[in-house]
Amino acid sequence: MLGGRRGAVDATLPPVAFAVGWLVTGQSVWGGVIAALATGAGVAGWRLRRGDRPRSVLVGLLAVCVAALVVLRTGRAEDFFLLQLLANAASTLAWVVSVVVRWPLLGVVVGAVLGQRARWRRDPALLRAYTRGSWVWVATYVLRVAVFLPLYLSGQVLALTVARVALSWPLVAAVLAVSWVVVRRSLPDGHPGLRHPLPGLAPQGRETGK
């Protein structure tokens, strides 16, 4: 959610490089893997030079390495996208569970950014708004799984690459805008906004940050 343009580069360039390397080497998984790893290493070096946190850079590079290892293990080019498919399935489950247990992840993330800890949960209006906004993110992950899964099962490597690019930063940008509108419209008139939770009846469940 918060990776910005550099996170978008991590998400899109290595898969594109894999597809290009796979094609130009006669659909060789080794060609695709080498291209992806070289691109991932180049992106990591560029991000480090620009002052990004080493942990963030290494996570992006590790994802490329794991995808490459899976492909080399199975010999199937479409398996380069298996990690992405599983990650989105897991994210769907995590966001749904967060809503069910009344800890919507959108509120957790925004609250952490604003330094509020769990104070936003004591505001029933904010809790309701973040819950509705979190469903927008659930829909995003469901959409990705719905697109990736049939393409993966049918071995459509190029279509998977296009979907990976189209459903990364362009979709995240759109969902950020939509979820923001949903949250704002869910707040009652006169509410001071996300930065100023109004104390109310605490939701049921364990509270942190008291």
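The values are calculated or read from the model by the stated rules, or taken from the named source; none is laboratory data. Here the structure is a predicted model, which is why all the values come from computation and not from measurement. A quick note on method: Cβ atoms are made from the backbone with ideal geometry, for glycine too, and the neighbour counts reach across all protein chains shown. Note: accessible area is taken over every heavy atom of the protein model, side chains too, but ligands, DNA and RNA are not part of it. Shrake-Rupley method; radii C 1.70, N 1.55, O 1.52, S 1.80 Å.
Which condition breaks for THR131 when tested against (1) of a type in the set (S, T, N, Q); (2) under 25 Å from GLY42 (Cα atoms); (3) at pLDDT 95 or above?
The single condition THR131 does not satisfy is (2).
Does any residue of the range 84-91 turn out to be in a helix (DSSP H, G or I), out of contact with any strand residue (DSSP E or B) (no Cβ under 9 Å at 6 or more places or on another chain), among the polar types (S, T, N, Q) and surrounded by fewer than 18 Cβ atoms within 10 Å (Cβ to Cβ)?
no
Which pairs have Cβ atoms under 9 Å, sit 6 or more apart or on different chains, and link a residue in the range 144-164 that is more than 18 Å from ALA90 (Cβ to Cβ) and free of Cβ contacts under 8 Å to residues at least 12 places away in the same chain to one that is of a type outside the set (Gly, Ala, Ser) and open to solvent by 60 Å² or more (accessible area, probe 1.4 Å)?
Note: pairs meeting the criteria are PRO150/GLN156.
ALA129: more than 21 Å from ALA174 (Cα to Cα), in a helix (DSSP H, G or I), in contact (Cβ under 8 Å) with a residue 24 or more places away in the chain and of a type in the set (A, V, I, L, M, F, W, C), yes or no?
It is false that ALA129 is more than 21 Å from ALA174 (Cα to Cα), in a helix (DSSP H, G or I), in contact (Cβ under 8 Å) with a residue 24 or more places away in the chain and of a type in the set (A, V, I, L, M, F, W, C).
Can you confirm whether TRP22 is surrounded by 15 or more Cβ atoms within 10 Å (Cβ to Cβ) and farther than 30 Å from TRP180 by Cα?
When the stated conditions are applied, TRP22 passes them.
Go through the range 97-147 and give me each residue that's farther than 19 Å from PRO192 by Cβ, open to solvent by 40 Å² or more (accessible area, probe 1.4 Å) and touching a helix residue (DSSP H, G or I) at 6+ places or on another chain (Cβ under 6 Å).
Once the filter is applied, which keeps residues that are farther than 19 Å from PRO192 by Cβ, open to solvent by 40 Å² or more (accessible area, probe 1.4 Å) and touching a helix residue (DSSP H, G or I) at 6+ places or on another chain (Cβ under 6 Å), the range 97-147 yields LEU105, VAL142, VAL147.
Show the residue pairs meeting these rules: Cβ distance below 7 Å; 6+ apart or different chains; first residue within the range 30-46 and open to solvent by 10 Å² or more (accessible area, probe 1.4 Å); second residue not in a helix (DSSP H, G or I).
Going by the 7 Å Cβ cut-off, the qualifying pairs are GLY31/THR25.
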